[in-house]
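Trainee: Could you have a look at this structure, given as structure tokens, before my questions?
The values are calculated or read from the model by the stated rules, or taken from the named source; none is laboratory data. Keep in mind that this is a model prediction, so the values were computed, not measured. Note that we place each Cβ from the backbone using ideal geometry, even for glycine, and neighbour counts take in every protein chain shown.
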Amino acid sequence: MTTQHINISTVDGKTSVCFDTGLDPRAFARTRMSQSLVETGIISFPDGSREMWKPAGVNETNGFMRLWGPLFASQRLDLLLEKTTQSIQTTSKQAAQQAALQAVAFWIRAKMLLGDTKSASNPGAAFVCGEDEKSSGQKRGAVFFAPEHLSNRCLLTEGSQTDRYNCPDLTGMETAAFCAGLMLYLILTGVHPYPAATIYQDMREGIFLPPRLAAAGLDKKISVLIHAALLLPVEKKRTAKSGTDILAGFLEILLDRENRVTGVSSFFSTLTAEESTHFEKERKKYLFRQNTIVKTRRFAVQNKYIIIGIAIGLLFALFIFFSTTKSFSQRLTTAGMVSDTVIIAYYDAFSSLNHVFMEACVMGAGKDDINAAASLYAITKTREAYERTNTPSIIPARIWKETGGELPAPNVFGVTDLNITYLAGSEESNMILYRTEYLLWSPSEDYAIKRSDVITLMRDRKKNWRITEILRTEF
């Protein structure tokens, strides 16, 4: 069973909401995770009121650092969803489905009450109160959205490498509507709509079995709404319903005026033997047609140059093939590099003003270094053209040091004395943190600047290591 890094535990004799970072004290300090103490969560109450939730402290447990805060007596939404697929006995499965359905209904209502107020989108970062808590005065239907950055770190450490409930292309209420539709699909059909490893590609292309064919006898009204929610990322297929419309439709179906949640069984009707036979035939026919179309389309996209070449002649096909191969071979990437090699290559490219390769090394990280290298590159090229000389006006710092490193060094730029230290993460988790220390030489400074960077690397879609975050300190 996976260890829950976001949980409710006892701290100093008090029951609290805890966030186990999975970092030892040194790594915790170096990655500045203590800054999460000022990150807030939000609690949405059924009456529309809300309050901020703030971490109360940090302590060490079993050698790892843990942040904790005030108790919110509840259950994690993603764990309630998982129980619907784990229960074997009919009675326990129905109970798990009903509990998850209630939690999702309360989650949808909370998202609508919060409106444009930002709140964590991953169900693993949401705690839902299913029953009144007399001891704490907590009301049924209240939802706690944990601090997003802190919870994402913990979920990543927990092993949840992919948010299986959200499409990264959506924003605002569309994000909530898509997530709600996916969760309801899982509860009512018992399966995830995107079970394959190509989960995000399937989300973007709308590749899933329609809910009406995923569960026999499923109510048409909720089936249509779930279908509309799952089509939100697909521009050519989406319906006229907005994210807000879909969420409102879900609430109308799931909750009555007394806030009672509709029973799961009421969403299904019993089929006759003839209807069941027709349902199975239609389901198999749809799956066969969809699989054929998807495989054909993706094959065509991946091999479009070959297909076009064959259509207009063998000679042109060979021309396209070799041109495409050459283009891809010359594209700068970090393919084949291990994580620490990417860091070394990044700083080397910085020193040589190779801002194009620096772009290939980063994915989401700040681009101050790239902009600095690009600006200095433009200045030096302009100067060389104006002075009509082929002699480089800027000397890479590493070459300068290897040839003696004499001061002053007015034309030297780049990094020397680079030292790389492993902090946390692993190849298996697809995330590694390093700390680098180095000297930065600049033509505008008489002496080097000492820097210390905490660098986060993650794999991109092609499994290449890329830099996603640089936290910098200068001395």
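This table checks each residue for (1) assigned to a loop (DSSP other than H, G, I, E, B); (2) touching a Cys at 6+ places or on another chain (Cβ under 9 Å); (3) modelled with pLDDT under 95; (4) polar (S, T, N, Q).
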{"site": "Lys236", "(1), (2), (3), (4)": "yes, no, yes, no"}
{"site": "Ala240", "(1), (2), (3), (4)": "yes, no, yes, no"}
{"site": "Gly249", "(1), (2), (3), (4)": "no, no, no, no"}
{"site": "Glu258", "(1), (2), (3), (4)": "yes, no, yes, no"}
{"site": "Ser265", "(1), (2), (3), (4)": "no, no, yes, yes"}
{"site": "Thr270", "(1), (2), (3), (4)": "yes, no, yes, yes"}
{"site": "Phe279", "(1), (2), (3), (4)": "no, no, yes, no"}
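Trainee: Follow-up. Only one of Pro147, Pro168 is of a type outside the set (D, E, K, R), touching a residue at least 24 places away in the same chain (Cβ under 8 Å) and crowded, with 22+ Cβ neighbours inside 10 Å; which?
Mentor: The unique qualifying residue is Pro147.
Trainee: Please return the ranges of helices (runs of 4 or more DSSP H) entirely within region 302-410 where 3 or more residues are modelled with pLDDT of 85 or more.
Mentor: Correct list: 339-351, 355-361, 368-387, 397-402.
Trainee: Moving on. Considering only region 43-52, how many residues are buried (at least 19 other Cβ atoms within 10 Å of the Cβ) and over 23 Å from the mean Cα position of the chain (by Cα)?
Mentor: 1
Trainee: OK, next. For region 450-471, give me each residue that is surrounded by fewer than 17 Cβ atoms within 10 Å (Cβ to Cβ) and assigned to a strand (DSSP E or B).
Mentor: Lys450, Arg451, Ser452, Thr468
Trainee: Does region 428-449 hold any residues that are of a type in the set (D, E, K, R) and at pLDDT 95 or above, and which are they?
Mentor: Those that are of a type in the set (D, E, K, R) and at pLDDT 95 or above: Arg435, Glu437.
Trainee: Would you mind finding the one in Ser151, Ser119 that is in a loop (DSSP other than H, G, I, E, B), under 16 Å from Val17 (Cβ atoms), touching a Gly at 6+ places or on another chain (Cβ under 9 Å) and not hydrophobic (A, V, I, L, M, F, W, C)?
Mentor: Going through Ser151, Ser119 in turn, the sole match is Ser119.
Trainee: With Thr61, Thr40 as the choices, which residue is closer than 30 Å to Ile108 by Cβ and surrounded by fewer than 21 Cβ atoms within 10 Å (Cβ to Cβ)?
Mentor: After ruling out the rest, the residue left standing is Thr40.
So that you can scan it fast, the table gives a plain yes or no per residue for (1) over 28 Å from Gln35 (Cβ atoms); (2) modelled with pLDDT of 90 or more; (3) in a helix (DSSP H, G or I):
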residue: Pro55; (1), (2), (3): no, yes, no
residue: Glu60; (1), (2), (3): no, no, no
residue: Trp68; (1), (2), (3): no, yes, no
residue: Phe72; (1), (2), (3): no, yes, no
residue: Lys93; (1), (2), (3): yes, no, yes
residue: Ala96; (1), (2), (3): yes, yes, yes
residue: Ala99; (1), (2), (3): yes, yes, yes
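Trainee: Are there any pairs, at least 6 apart or on different chains, whose C-beta atoms fall under 7 Å, with the first in region 404-427 and within 22 Å of Asp369 (Cβ to Cβ) and the second of a type in the set (D, E, K, R) and in a strand (DSSP E or B), and if so, which?
Mentor: Hits for this filter: Asn419/Glu437; Thr421/Arg435; Leu423/Arg435.
Trainee: For the list (1) over 36 Å from the mean Cα position of the chain (by Cα); (2) in the same structural domain as Ala214 (by TED's automatic domain parsing), I need the number of the one condition that Ser276 fails.
Mentor: Going through (1) over 36 Å from the mean Cα position of the chain (by Cα); (2) in the same structural domain as Ala214 (by TED's automatic domain parsing) one by one, Ser276 breaks only (2).
Trainee: A further question on this structure: When you look at Pro46, is it in contact (Cβ under 8 Å) with a residue 24 or more places away in the chain and more than 17 Å from Gly141 (Cβ to Cβ), yes or no?
Mentor: no
Trainee: Next up: Looking at Ile470, is it touching a residue at least 24 places away in the same chain (Cβ under 8 Å) and either in the same structural domain as Thr21 (by TED's automatic domain parsing) or within 29 Å of Ala27 (Cβ to Cβ) (or both)?
Mentor: Against the criterion (touching a residue at least 24 places away in the same chain (Cβ under 8 Å) and either in the same structural domain as Thr21 (by TED's automatic domain parsing) or within 29 Å of Ala27 (Cβ to Cβ) (or both)), Ile470 qualifies.
Trainee: Could you check region 1-46 for strands (runs of 3 or more DSSP E) lying wholly inside it with 1 or more residues that are farther than 30 Å from Arg260 by Cβ?
Mentor: So the answer is 6-11, 14-20.
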